[in-house]
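Scroll down for the structure; my scribbles are underneath it.
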Amino acid sequence: PVTIQEAGNQRWSCKSCGHRTVSPLGLDLLDRSIKPEIVKEHLKNVSKSRRWVITSAQNATPAHKGFLTTLKKCAEYNNSELVIIPYRYKNVTSIFTDSDHDWWHEDLVPYLVDRRYELCDGLWLLGDIQVQPTARTPLTGLEGFTGGDSCIVGHPKFEFKTVPTRQGHMAKIMTTTGSVTLKNYTESKAGRQGEHHHSLAATIVEWDGEYFHIRQVTADEDGSFQDLDKLYAPDSVSDGPPVETLTLGDLHQWWVDPSVDSAIFGESGLKQLLKPRRLILHDSIDSYSISHHHRSDPFTQYAKYKNGKNNIFQEIKDFVDYMQPREGDCDVYIVCSNHDDHITRWIKEEDWKSDLENAAFYLETALHMIRNTKMESWGDSTPRPFDWWISRLDPDLNVLGRDESLEVCGVEHGLHGDVGPNGSRGSLLSLSKIGVKATVGHGHSPGCRDECYMVGTSTGKMAYARGPSSWMNTHCVLYSNGKRTLINTIGGRFRG
């Protein structure tokens, strides 16, 4: 409506039809714009907190009442501050405001932050950046905005990635938030894509004085969500059910970082807290002892010989011995991975007479492989030696074969990530296009693209990792409602 004066009385006129009235519908919306004084006052509380619940909201769109209520309850329960980043759908690139649509739901106004703000050391809130809600990759082009510091961007589509930084420094984290408002898109291709990827979600940040910890929560239809071991609903906070799966960052057991091991399997660690029904492992062993990467390196060969790292049977046995006290009462699944397959390549390409340390293992394994190679309807089939040895040493470990599916709550867990569609090289991007939800490993750089989540690694620095690194010790949790979150272990901790 447009205000006009007639005979000393304020009246309103419709822009479209010219109809005049003294009580227009929607007049109450005009006082719901972003007000600098309210933002400034809210930031005083934000600056005093060490925990934040961060989401985003679209202009001229109702909030999901259940989710907003639950977010407030979560913030109150954990002594956190609720922060909402506003974003606009129409005319997002214009420097002028559209007064007809430049308003936010009255329940959201007290929590809006539309400016750039440093939440804690190394983490920035980019509230001043408006990203079109239909953007397919909302984080693209923002990598350099905060230098080497991490950042949070308000956007209804959840995306997570790490950016390489200097060796010895934690990788830069970039993440979007999800939204607290309902779906509100045009009937266009871009609008339907935005609607499909719209996520009722928020980012929880905890600062322990040294490190910040980030994880996502995603709501059910009623607005409830689970965060770690707690279930938050609009009217209650209770203990959450055991999680369906805990997928660890690529293990490479010989090189597991002790602080990561403690954060996962130690007292009050992730496994004890979440009580996962299934533990999913990627790259269980490194196959360092017989790696083809060391064939022409006499210095690495000498180092392995001097330090007892040149026996493949010992490497497999060390992995089994490592897992047995950590299995507990959950099912352990080993995903077929490229580092496990190094043993197959070694058997096929090497001469046992030139490696007497592993000669007996080689001959016994090769005999099993030749005796069990068979011709199928689609071609020849040879058993994987790693699978065979694991079944002999610990039958309780479930080893998935190549291309064997493990679907839990509609999420595929049987893909390592080294092989992409049609046998191509695997990546987060290529596997995000297969049309199904999946949790994969292999890349060591965690991320989320569309419905594909990639875990990081459970190791520290690896010998072959050189230059700026985006690796992180990141794991993935699948809750019983089918929602997932990435959890980082930093400094031996996974929460503030």
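The values are calculated or read from the model by the stated rules, or taken from the named source; none is laboratory data. These figures come from a predicted structure and were not determined experimentally. Glycine gets a Cβ as well: all are built from the backbone with ideal geometry, and neighbour counts include every protein chain shown. The protein model used for the area step is the full one, side chains on, heavy atoms only, and it has no ligands, DNA or RNA in it. Shrake-Rupley method; radii C 1.70, N 1.55, O 1.52, S 1.80 Å.
Okay, here's what the table says:
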read-out	value
Some residue of the range 395-402 being modelled with pLDDT under 95 and among the charged types (D, E, K, R)	yes
Any chance LYS73 is closer than 23 Å to HIS198 by Cβ, of a type outside the set (A, V, I, L, M), at pLDDT 65 or above and touching a strand residue (DSSP E or B) at 6+ places or on another chain (Cβ under 8 Å)	yes
Hits in the range 388-423 (condition: open to solvent by 50 Å² or more (accessible area, probe 1.4 Å), farther than 18 Å from THR344 by Cβ and without any contact (Cβ under 8 Å) to a residue 12 or more places away in the chain)	PRO395, SER405, GLU407, ASN422
Residue match in the range 326-336 (condition: at positive phi and not polar (S, T, N, Q))	yes
Any hit, the range 129-143, residues being more than 22 Å from TYR89 (Cβ to Cβ) and either at pLDDT 90 or above or touching a Ser or Thr at 6+ places or on another chain (Cβ under 7 Å) (or both)	yes
Residue in the range 112-122 that is of a type outside the set (A, V, I, L, M, F, W, C), touching a Leu at 6+ places or on another chain (Cβ under 9 Å), at pLDDT 90 or above and open to solvent by less than 20 Å² (accessible area, probe 1.4 Å) present	no
Selection count where residues are surrounded by fewer than 11 Cβ atoms within 10 Å (Cβ to Cβ), free of Cβ contacts under 8 Å to residues at least 24 places away in the same chain and not hydrophobic (A, V, I, L, M, F, W, C), scope the range 349-380	9
Residue match in the range 243-251 (condition: more than 19 Å from SER458 (Cα to Cα), out of contact with any Asp or Glu (no Cβ under 6 Å at 6 or more places or on another chain) and surrounded by 17 or more Cβ atoms within 10 Å (Cβ to Cβ))	yes
Inter-residue pairs, beta-carbon under 9 Å, first more than 30 Å from VAL237 (Cβ to Cβ) and in the range 75-97, second modelled with pLDDT of 70 or more and of a type in the set (Phe, Trp, Tyr), 6+ apart	TYR89/TYR185
Test result for LYS309, basic (Lys, Arg) and in contact with a strand residue (DSSP E or B) (Cβ under 6 Å, 6 or more places away or on another chain)	no
Extreme residue, farthest from THR186 (Cα to Cα), among residues of the range 41-94 that are assigned to a loop (DSSP other than H, G, I, E, B) and touching a Pro at 6+ places or on another chain (Cβ under 7 Å)	ASN59
Some residue of the range 327-340 being part of a helix (DSSP H, G or I), more than 17 Å from LEU393 (Cβ to Cβ) and at pLDDT 95 or above	no
